Amino acid sequence: MSTAGKVIKCKAAVLWELNKPFSIEEVEVALPKAYEVRIKMVVTGICHSDAHVVTGTLVKPLPVILGHEGAGIVESIGEGVTTVKPGDKVIPLFTPQCGKCVVCENPEGNQCEKMKISIPGGTMQDGTTRFTCRGKPIHHFINTSTFSEYTVVDEISVVKIDAAAPLEKVCLIGCGFSTGYGSAVNVAKVTPGSTCAVFGLGGVGLSTVIGCKAAGAARIIGVDINKGKFATAKELGATECINPQDFKKPIHEVLKEMTGGGVDFSFEAIGRFDTELEALLCCHEAFGVSVVIGVPPASQKLSVNPMLLLAGRTWKGAIFGGYKSKNSVPKLVADFLARKFPLDPLITHVLPFEKINEGFDLLHSGKSIRTVLTF
Ligand code: PAD
Ligand code: ZN
Ligand code: ZN
């Protein structure tokens with residue numbers, strides 16, 4: 001029975017309060033309005049940015065349907081939609097590409113003016129929501145809300161991908177993989193023969209390792225307090241892995257000694273002030289580039305003496321690996337199909353959607369890299 005033109009009742013994971021488990025609820029998903037797309041989700045990954053909302057590290061309005069690393073099939077489209085049609089395999093884009101704003105028109109940068117990660121948001125572009133649960137409107141999350149059997153997104157926040165793509169794998173291109181990989185190849189622009197340090201070897205940091213290797217780095221040093229991540233890091237290209245807890249001195253000093261003055265490129269894929277500073281300090285003071293990937297705690301500040309940059313260091317950051325999403329995601333999917341990079345080693349667990357809280361427990365315990373939930 002066709003669902004097009006009807007309100008859909010389906011299951012979704014609703015976060016009602018901070019620091020509480022997700023509640024699997026029946027929600028109503030309204031019709032897509034003009035320039036909107038309703039998607040039947042097939043799979044969704046769990047990313048640490050979702051967990052940051054649960055803990056309040058990333059401030060977003062509640063109640064909310066989280067999830068931003070998904071893949072699905074277009075169920076129906078609103079008036080005026082031209083870039084996707086029902087039946088297309090798609091990936092929702094938490095960093096949209098409107099194609100018209102000053103950022104989209106600039107060859108550099110990718111944080112389209114239609115969405116800013118730093119503002120609370122929580123609605124469609126028209127300021128309203130398409131989700132209702134127990135009679136209450138439920139907020140959207142960064143234009144995606146993939147923790148629902150059906151979701152509605154703006155057309156600028158979704159892209160068609162190759163019909164041959166395995167959704168249970170390429171969903172990672174919707175966030176973790178592209179964020180990490182792009183941070184190495186686009187944002188830092190890692191050079192052949194260089195030395196890199198990657199702080200945090202979760203789904204994002206390991207994808208950074210893959211990117212550093214693809215860019216031809218000669219040495220890739222993984223840094224993590226969980227030694228359980230080292231084997232996969234080495235499989236994906238890390239040449240050495242170190243645990244800061246094994247040393248008495250700060251880890252940037254250890255890294256400087258290991259590399260004769262500092263690494264060429266460093267990446268922080270954790271989201272902590274202390275490690276963001278250590279990553280900055282471990283890159284060479286004259287030519288090092290340090291990239292912030294991890295989402296830092298909200299409404300707190302890190303005090304840094306600009307002297308750290310005066311000798312020539314570069315400190316930068318990026319959302320979604322610097323990729324302009326609509327242009328890049330289909331190409332990344334094609335590259336995956338052409339076996340230019342692996343995704344399988346990043347997917348350690350596959351669970352039915354209803355076990356979402358188990359998936360988050362696996363993330364917090366450090367036992368998983370990525371858990372993919374299937375609908
Ligand atoms: P994850 O939890 O899978 O991985 C984090 C890793 O950091 C784990 O392996 C931890 O053991 C390790 N770690 C924790 N504390 C320390 C420490 N003190 N020293 C060294 N290692 C430590 O998370 P993830 O890979 O999904 O995400 C990583 C960060 O990237 C997180 O802050 C997330 O919000 C952010 C992110 N940013 C973007 C973006 O567009 N910039 C996109 C996706 C994720
Ligand atoms: Zn993410
Ligand atoms: Zn734009």
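Which ones in the stretch 264-275 are in contact (Cβ under 8 Å) with a residue 40 or more places away in the chain and not polar (S, T, N, Q)? Step through it out loud before you land on a result.
Step one: filter the stretch 264-275 for residues in contact (Cβ under 8 Å) with a residue 40 or more places away in the chain, giving 264-271, 275.
Answer for the stretch 264-275, where residues must be in contact (Cβ under 8 Å) with a residue 40 or more places away in the chain and not polar (S, T, N, Q): Asp264, Phe265, Phe267, Glu268, Ala269, Ile270, Gly271.
Scanning the stretch 89-105 for residues that are assigned to a strand (DSSP E or B) and within 16 Å of ligand 1 (Cβ to nearest atom), we see that the one that is nearest to Gln125 (Cα to Cα) is Pro92. What do you reckon, is Ile91 open to solvent by less than 20 Å² (accessible area, probe 1.4 Å), β-branched (Val, Ile, Thr) and away from ligand 3 (no atom under 16 Å from the Cβ)? Answer is yes for this residue.
Only residues that are assigned to a strand (DSSP E or B), within 14 Å of Val42 (Cα to Cα) and within 16 Å of ligand 2 (Cβ to nearest atom): list them for the stretch 131-181, please. Selection gives Thr151 alone.
Of all the criteria given as (1) in a helix (DSSP H, G or I); (2) open to solvent by 10 Å² or more (accessible area, probe 1.4 Å), the one not satisfied by Met115 is (1).
Total residues in the stretch 308-327 satisfying the condition of being outside any loop (DSSP other than H, G, I, E, B), of a type outside the set (Phe, Trp, Tyr) and surrounded by fewer than 22 Cβ atoms within 10 Å (Cβ to Cβ): the figure is 7.
Within the stretch 191-198, is even one residue more than 11 Å from ligand 1 (Cβ to nearest atom), in a loop (DSSP other than H, G, I, E, B) and on the phi > 0 side of the Ramachandran plot? Within the stretch 191-198, one or more residues are more than 11 Å from ligand 1 (Cβ to nearest atom), in a loop (DSSP other than H, G, I, E, B) and on the phi > 0 side of the Ramachandran plot. Is it the case that Ser145 is within 16 Å of ligand 3 (Cβ to nearest atom) and either among the polar types (S, T, N, Q) or under 20 Å from Ala4 (Cα atoms) (or both)? Here the answer is no, as Ser145 does not meet what is asked.
Count of the stretch 106-124 residues, restricted to those that are within 16 Å of ligand 1 (Cβ to nearest atom) and touching a Phe, Trp or Tyr at 6+ places or on another chain (Cβ under 9 Å), is 5. Answer with yes or no whether Asn305 is assigned to a loop (DSSP other than H, G, I, E, B) and open to solvent by 70 Å² or more (accessible area, probe 1.4 Å). In short, yes. Within the stretch 80-102, residues that are on the phi > 0 side of the Ramachandran plot sit with their Cβ atoms under 7 Å from residues that are away from ligand 2 (no atom under 16 Å from the Cβ) and open to solvent by 20 Å² or more (accessible area, probe 1.4 Å), at 6+ positions apart or across chains, in these pairs: Gly80/Ala34; Gly80/Tyr35; Gly87/Ile73. Just so you know, in the stretch 255-292 the residues that are crowded, with 22+ Cβ neighbours inside 10 Å and among the aromatic types (Phe, Trp, Tyr) include one that is farthest from ligand 2 (Cβ to nearest atom), and it is Phe265.
Reported count of residues in the stretch 343-375, each being in contact (Cβ under 8 Å) with a residue 12 or more places away in the chain, hydroxyl-bearing (Ser, Thr, Tyr) and open to solvent by 20 Å² or more (accessible area, probe 1.4 Å), is 2. Filtered by the rule that a residue be assigned to a loop (DSSP other than H, G, I, E, B), within 16 Å of ligand 2 (Cβ to nearest atom), under 21 Å from Phe375 (Cβ atoms) and of a type in the set (A, V, I, L, M), the stretch 31-86 gives Ile46, Ile65, Leu66. Within the stretch 1-17, the set of residues being open to solvent by 80 Å² or more (accessible area, probe 1.4 Å) and part of a loop (DSSP other than H, G, I, E, B) comprises Met1, Lys6, Val7, Glu17.
Here the stretch 207-237 is the region considered, the condition is being over 15 Å from Phe265 (Cα atoms) and among the hydrophobic types (A, V, I, L, M, F, W, C), and the residue that is surrounded by the fewest Cβ atoms within 10 Å (Cβ to Cβ) is Ala231. Selection of the stretch 125-181 for residues being of a type in the set (Phe, Trp, Tyr) and open to solvent by 10 Å² or more (accessible area, probe 1.4 Å) yields Tyr150, Tyr181.
The values are calculated or read from the model by the stated rules, or taken from the named source; none is laboratory data. Because the structure is predicted, anything quoted here is derived from the model rather than measured. Because the Cβ atoms are built from the backbone with ideal geometry, glycine has one as well, and the counts that use them run over all protein chains shown. Areas reflect the complete protein model, heavy atoms only, side chains present, ligands, DNA and RNA absent. Shrake-Rupley method; radii C 1.70, N 1.55, O 1.52, S 1.80 Å.
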